[in-house]
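Please read the structure below before turning to the comments.
The values are calculated or read from the model by the stated rules, or taken from the named source; none is laboratory data. Treat the numbers as computed from the prediction; the structure is a model and nothing was measured. Don't worry about glycine lacking a Cβ; one is built from the backbone with ideal geometry, like all the others, and counts go over all protein chains shown.
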Amino acid sequence: MQEKFKYLNQKDRKTILLLSDDIRTHSGVGTMSREIVINTAHHFNWVNLGGAINPPDLDKIFDLSAEVNKYAGIEDSKVKVIPSNGYGSPEVIRQLIKHEKPDAIMIFTDPRYWIWLFEIEREIRTKIPIFYLNIWDDFPAPMYNKPYYESVDLLMAISKQTKLINELVLEEAAKDKIITYVPHGINSKQYYPIRKGTPEFKAFEDTKKNLFTEHKDIEFTVFFNSRNIRRKSATDLILAYRTFCDIIGEEKAKKCAMIMHTELVSNAGTDLMAVKEALCDPSYVNISFSTARLSTQQLNFLYNAADVTVLPSANEGWGLSLTESMMAGTMIIANVTGGMQDQMRFVDDKGEWYTPSSDIPSNHTGKFIQHGEWAVPVFPVARTLIGSPLTPYIFEDHVKFEDLADAILTVYNLPKEERDRRGMKGHEWVMSDESMMSAENMGVNVIKSINQAFENFKPRTAFDIIKVQDKPKRLVKHKLTNF
């Protein structure tokens with residue numbers, strides 16, 4: 001692990017106002033926010049304006065210092081959560097700045113949630129800096145995000161692709177910004193390989209026996225853990241799994257199963273049960289849905305019970321279930337798009353971990369084939385340009401369900417011992433200083449980035465004098481393909 005930053009006494013720490021999901025929740029943003037707080041509590045004090053939809057404990061303030069002390073291994077953390085219906089408003093932020101007196105504001109999630117904050121950024125940045133832990137799913141570079149990126153002092157990019165996007169969108173202004181790579185980090189005490197001799201092994205075995213009460217002698221398991229929304233392509237996965245079962249034949253398919261931990265029905269997605277009933281013969285295509293809220297231990301059991309975790313998203317900024325799966329020592333299958341590319345560790349023509357550039361902004365065409373042993377990439381066969389008024393253009397990368405079925409078959413054909421060996425290679429890599437994908441390393445990267453931003457912070461002036469000139473061009477200056 002990277003060398004930790006030294007412990008600071010509570011009175012010597014800077015206080016950061018964190019605008020994100022409530023760190024007590026289990027959303028992706030909430031989980032990562034919580035890990036950042038825990039792994040930096042020895043260096044910063046935190047106030048979390050915790051966003052949620054109609055939280056039951058609105059208008060209350062919760063002191064989480066004792067809980068954070070327990071997990072962080074210190075005695076004087078200072079962490080509080082202020083539940084909020086949504087992410088806040090100008091009036092709320094003004095009040096929090098007045099009463100909490102933060103040294104900086106840190107925001108996390110899609111920039112469209114922070115337009116109201118960017119509109120008052122000068123008011124804030126005349127006194128304190130704004131830090132942004134940000135991600136963007138795909139190219140073309142979103143030139144429409146330029147005002148948002150200009151409105152902060154630090155851009156911490158979750159993926160290598162996002163870092164390039166920040167730099168391309170800001171153009172010349174990028175040299176005046178601090179832009180760092182801070183990948184998501186997984187808590188290795190919550191997600192880890194379970195093997196014989198592990199204290200939880202018996203409980204895990206008992207859980208595994210009860211996973212398929214209707215099906216006996218399951219020898220191969222596929223796992224999907226994500227939301228039932230269109231871009232996650234859960235329907236393609238169901239069709240791919242059915243196709244895989246047809247390829248290996250009914251008798252072998254009876255000893256295979258797929259677990260989908262997601263919502264059965266979603267207005268943002270579809271009715272997955274209806275898809276299953278229409279496409280899958282239950283006499284040999286075994287698909288089970290897990291819809292209950294699970295503890296991290298239960299999720300870790302599921303990752304360990306699986307032979308492979310699959311995420312075929314057409315858009316994906318990161319893909320947290322892949323990192324959790326790798327931390328648990330389980331192989332992954334993923335579409336080659338967005339931040340999922342980082343986790344497959346493609347190797348470029350110089351023998352190094354692939355980093356996107358303006359010439360090769362994405363590896364979606366298969367420019368580089370070599371990758372980590374723990375991954376089976378599926379390259380998209382179609383790229384469509386979609387959009388909306390707030391996001392006028394963005395690519396979607398689509399895989400063929402047949403190619404997805406072939407990827408599952410590839411893992412199935414590996415001996416169990418080989419699947420386990422490759423899964424452990426993934427575990428070792430996410431724990432490494434190269435990947436920086438453990439929670440501890442994420443904390444180090446956040447501290448390093450924020451300290452640099454504090455050192456370089458120059459308060460904004462009350463106003464600027466701007467020469468009237470032609471409207472700036474917003475032409476994308478990177479290749480759209482790499483054929």
Open item on the list: Checking the structure you have, find out if any residue of segment 140-155 is surrounded by 24 or more Cβ atoms within 10 Å (Cβ to Cβ), assigned to a loop (DSSP other than H, G, I, E, B) and either free of Cβ contacts under 8 Å to residues at least 60 places away in the same chain or among the hydroxyl-bearing types (Ser, Thr, Tyr) (or both).
Closed with: yes
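Sort out which residues of segment 66-84 are assigned to a helix (DSSP H, G or I) and under 26 Å from the mean Cα position of the chain (by Cα), and write them in order of number.
So the first thing to find is which residues in segment 66-84 are assigned to a helix (DSSP H, G or I), and the list is 66-72.
Listed by number, the residues that qualify are Glu67, Val68, Asn69, Lys70, Tyr71, Ala72.
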Open item on the list: Looking at Glu324, Glu316 in this structure, which one is touching a residue at least 24 places away in the same chain (Cβ under 8 Å), out of contact with any Lys or Arg (no Cβ under 6 Å at 6 or more places or on another chain), buried (at least 24 other Cβ atoms within 10 Å of the Cβ) and part of a loop (DSSP other than H, G, I, E, B)?
Closed with: Glu316
- [ ] Might you check whether a residue that is surrounded by fewer than 20 Cβ atoms within 10 Å (Cβ to Cβ), under 30 Å from Ile105 (Cβ atoms), not assigned by TED's automatic domain parsing to the domain that holds Phe44 and not polar (S, T, N, Q) occurs anywhere in segment 395-405?
- [x] no
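Just to be sure, is Gly28 in contact with a His (Cβ under 9 Å, 6 or more places away or on another chain) and at pLDDT below 95?
Details: in contact with a His (Cβ under 9 Å, 6 or more places away or on another chain): yes; at pLDDT below 95: yes.
Here the answer is yes, as Gly28 does meet what is asked.
Tally the residues that are among the β-branched types (Val, Ile, Thr) and under 18 Å from the mean Cα position of the chain (by Cα), restricting the search to segment 388-442.
So the answer is 1.
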Open item on the list: Take the residues in segment 111-131 that are buried (at least 16 other Cβ atoms within 10 Å of the Cβ) and out of contact with any helix residue (DSSP H, G or I) (no Cβ under 8 Å at 6 or more places or on another chain); name whichever of them is modelled with the lowest pLDDT.
Closed with: Tyr113
Open item on the list: Consider segment 85-118. How many of its residues are touching a residue at least 60 places away in the same chain (Cβ under 8 Å) and either in a strand (DSSP E or B) or polar (S, T, N, Q) (or both)?
Closed with: 6
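For segment 432-483, which positions are hydrophobic (A, V, I, L, M, F, W, C), assigned to a loop (DSSP other than H, G, I, E, B) and touching a Pro at 6+ places or on another chain (Cβ under 8 Å)? If you could, list the steps in order and put the result at the bottom.
Within segment 432-483, the first condition is being hydrophobic (A, V, I, L, M, F, W, C), and the residues that meet it are 436-437, 439, 442, 444, 446-447, 450, 453-454, 457, 462-463, 465-466, 468, 475-476, 480, 483.
Among the residues that remain, those that are also assigned to a loop (DSSP other than H, G, I, E, B) are: 436-437, 457, 462-463, 465-466, 468, 475-476, 480, 483.
Passing the criteria: Met436, Met437, Phe457, Val476, Leu480.
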Open item on the list: So, Glu171, is that one in contact (Cβ under 8 Å) with a residue 60 or more places away in the chain, outside the structural domain of Ser283 (by TED's automatic domain parsing), more than 18 Å from the chain's Cα centre (by Cα) and in a helix (DSSP H, G or I) or not?
Closed with: yes
Task: Selection from segment 265-292 of residues that are in a loop (DSSP other than H, G, I, E, B), under 19 Å from Lys232 (Cα atoms) and not small (Gly, Ala, Ser) - done: Asn267, Thr270, Thr291
TODO: Might you check whether a residue that is in a loop (DSSP other than H, G, I, E, B), β-branched (Val, Ile, Thr), touching a Ser or Thr at 6+ places or on another chain (Cβ under 7 Å) and crowded, with 17+ Cβ neighbours inside 10 Å occurs anywhere in segment 33-45?
DONE: no
